[in-house]
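The values are calculated or read from the model by the stated rules, or taken from the named source; none is laboratory data. Note that the coordinates shown come from a computational prediction; the quantities given were computed from them, not determined experimentally. Because the Cβ atoms are built from the backbone with ideal geometry, glycine has one as well, and the counts that use them run over all protein chains shown.
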Amino acid sequence: MEIYKYCFDKESKAPLFISMLSSKEDVIGIYNTFNKTNYSAEDLVSICVIDDAVYIRAKNDKYLMFKMAINLCKNQPAVNPNIPLQFLLQYAHLEDASIYAKRHPVKFVVFYNGITDMPEVRELRLSSAFDSSEESSFGGLELKVSVINITEGNNKEFLETSPILDGYAYLIDRVIHYGRENCTPKVAIEQAIQDCINNNKLKDYLEKNRNDVMNFLMAECEEQSLQD
């Protein structure tokens, strides 16, 4: 019988979205949303967190490794093109202790939330990070990452199946909205949090963790601009 296990890299600085995953129900809900499955919390086998990535598996099924990408500034790429390489290194770190064990299939996904235009679904490949000027074709190493756009107006049916993803997408959308109205970052975040609470989006979490959410988003705004 497989035993549920949880591991957390002590050197990780978990982003806000990961801190929101406070229950097995939240975690398996995201797994079900992406894989179109119907597992319960009791079916969750493992969850591991390393840096900004979450690695989960349900009984008798594949792994899902995902992370969140926030983009608040038009002057930067929507999604880091090196994400496939990051996933590869994180996956290798998680698996190096069981190198001879049987491997289960893995799906890699990024949930994108930001202001840079992007299709609803996009694929990133590890091979794209390598120099393509060589005459010979790229070697056998490959890793594919699905990028799911969860910004306002995108993948509505997908978000309807995951309240935590829907709420998070709404929170970031509100931050961007108030930033475009030339609010200071602090005011934009405060107003966004209040909008979420008023509209029953992540209400319980935000009421209990308002200060932590403020601090995380303020840190994001120190590196990115809320202006167009």
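Below is a table of values for the structure above.
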| item | result |
| --- | --- |
| Region 165-207, subset surrounded by fewer than 17 Cβ atoms within 10 Å (Cβ to Cβ) and of a type in the set (Lys, Arg), residue farthest from PHE111 (Cα to Cα) | LYS186 |
| Matching option when the condition is touching a residue at least 24 places away in the same chain (Cβ under 8 Å) and of a type in the set (Asp, Glu), among ASP51, ASP43 | ASP51 |
| Any chance THR33 is part of a helix (DSSP H, G or I) and either modelled with pLDDT of 80 or more or among the acidic types (Asp, Glu) (or both) | yes |
| Residues located in region 62-89, provided they are modelled with pLDDT of 75 or more and part of a strand (DSSP E or B) | TYR63, LEU64, MET65, PHE66, LYS67, MET68, ALA69, ILE70 |
| Of residues in region 36-50 being part of a loop (DSSP other than H, G, I, E, B) and in contact with an Asp or Glu (Cβ under 8 Å, 6 or more places away or on another chain), the one farthest from ALA69 (Cα to Cα) | TYR39 |
| LYS24 vs. criteria modelled with pLDDT of 80 or more and farther than 20 Å from TYR170 by Cβ | yes |
| Lone qualifier among CYS196, CYS221, CYS183 - being farther than 29 Å from ARG122 by Cα and either out of contact with any Ser or Thr (no Cβ under 8 Å at 6 or more places or on another chain) or not charged (D, E, K, R) (or both) | CYS183 |
| Test: residue in region 90-101 that is at pLDDT 85 or above, surrounded by 14 or more Cβ atoms within 10 Å (Cβ to Cβ) and touching a helix residue (DSSP H, G or I) at 6+ places or on another chain (Cβ under 8 Å) | no |
| The lone exception for THR161 - which of (1) modelled with pLDDT under 90; (2) in contact with a helix residue (DSSP H, G or I) (Cβ under 6 Å, 6 or more places away or on another chain) it fails | (1) |
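Each row is one residue, and each column tells you yes or no for (1) among the charged types (D, E, K, R); (2) over 25 Å from ASN82 (Cα atoms); (3) surrounded by 21 or more Cβ atoms within 10 Å (Cβ to Cβ); (4) in contact with a Gly (Cβ under 7 Å, 6 or more places away or on another chain).
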| site | (1), (2), (3), (4) |
| --- | --- |
| GLY29 | no, yes, no, no |
| THR37 | no, yes, no, no |
| ALA41 | no, yes, no, no |
| ASP52 | yes, no, no, no |
| TYR55 | no, no, yes, no |
| ASP61 | yes, yes, no, no |
| PHE66 | no, no, yes, no |
